[in-house]
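This report concerns only the one structure given below.
The values are calculated or read from the model by the stated rules, or taken from the named source; none is laboratory data. Being a predicted model, the structure only gives us computed values, none of them experimental. Neighbour counts are summed over all protein chains in view; Cβ atoms, including those assigned to glycine, are modelled from backbone coordinates with ideal geometry. Just so you know, the surface numbers come from the protein's heavy atoms only, side chains and all, with ligands and any DNA or RNA stripped out. Shrake-Rupley method; radii C 1.70, N 1.55, O 1.52, S 1.80 Å.
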Amino acid sequence: MIRFAILTLFATTASLKAIETKGGRPNLLENASFMNAMSSWNVTSHENLGKVALDKEIKRGDTPSLRITNPGASDTFCKQSVKVKPGMRYRFSGYIKTKDVVVKGGQAANLSLDGGYERSPSLDGSESWKKVEFEFDSGPSDTVQVGCRLGGWFSLTTGTAWFDDLKLIEVGKSRKN
Ligand SMILES: [Ca+2]
């Protein structure tokens, strides 16, 4: 009975993965649409001001979205560690919706690569779902951290942003080589 349960769980996980990778290159992110709550995602927030939660009402598709709220000016980053190949180029895309986002500096709601300034276009104000994306090079790294961000380096932001249906794919060799 236990063995059957484990096999069933495995089969379910495998089929969810298949859905996420449907249509083109494999999505390197785990739990990219927040179907498994906060599994694989970790939160950092400047002065611990940000609040991160799943939203079952405002979402894309059947699974919840991720909601980040900065009640005070903060940089809140919900990110995941992903194994990559050195010297390759990657594209990170996803959907963002905003409400009352006010920037105290450069960056509003965006998708970000940790450890620098590489990020998607950022959205402020109150906007409906919009797709954003950017490409980056892995350089010498074999692991990167990417994720959903309200704020940025030296950029503190207030308001609420929702994130959903994220995708990280390999697009080819780095153009920097
Ligand atoms: Ca979702």
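Overview of values
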{"read-out": "Region 105-136: number of residues that are within 21 Å of Ser174 (Cα to Cα) and touching a residue at least 40 places away in the same chain (Cβ under 8 Å)", "value": "6"}
{"read-out": "Candidates Lys99, Lys85, filtered to the one that is not acidic (Asp, Glu) and not in a loop (DSSP other than H, G, I, E, B)", "value": "Lys99"}
{"read-out": "Yes/no for Gly50 being small (Gly, Ala, Ser), touching a Ser or Thr at 6+ places or on another chain (Cβ under 7 Å) and surrounded by fewer than 15 Cβ atoms within 10 Å (Cβ to Cβ)", "value": "no"}
{"read-out": "Residues of region 28-78 satisfying the condition of being within 13 Å of the ligand (Cβ to nearest atom) and either under 17 Å from Leu113 (Cα atoms) or of a type in the set (Phe, Trp, Tyr) (or both)", "value": "Leu29, Ala32, Phe34, Trp41"}
{"read-out": "Lone unmet requirement of (1) crowded, with 18+ Cβ neighbours inside 10 Å; (2) at pLDDT 95 or above; (3) part of a loop (DSSP other than H, G, I, E, B) for Arg149", "value": "(3)"}
{"read-out": "Subset of region 136-177 [among the hydroxyl-bearing types (Ser, Thr, Tyr) and out of contact with any Phe, Trp or Tyr (no Cβ under 7 Å at 6 or more places or on another chain)]", "value": "Ser141, Thr143, Ser155, Thr157, Thr158, Thr160, Ser174"}
{"read-out": "Some residue of region 153-175 being at pLDDT below 95, outside any strand (DSSP E or B), more than 16 Å from the ligand (Cβ to nearest atom) and open to solvent by less than 70 Å² (accessible area, probe 1.4 Å)", "value": "yes"}
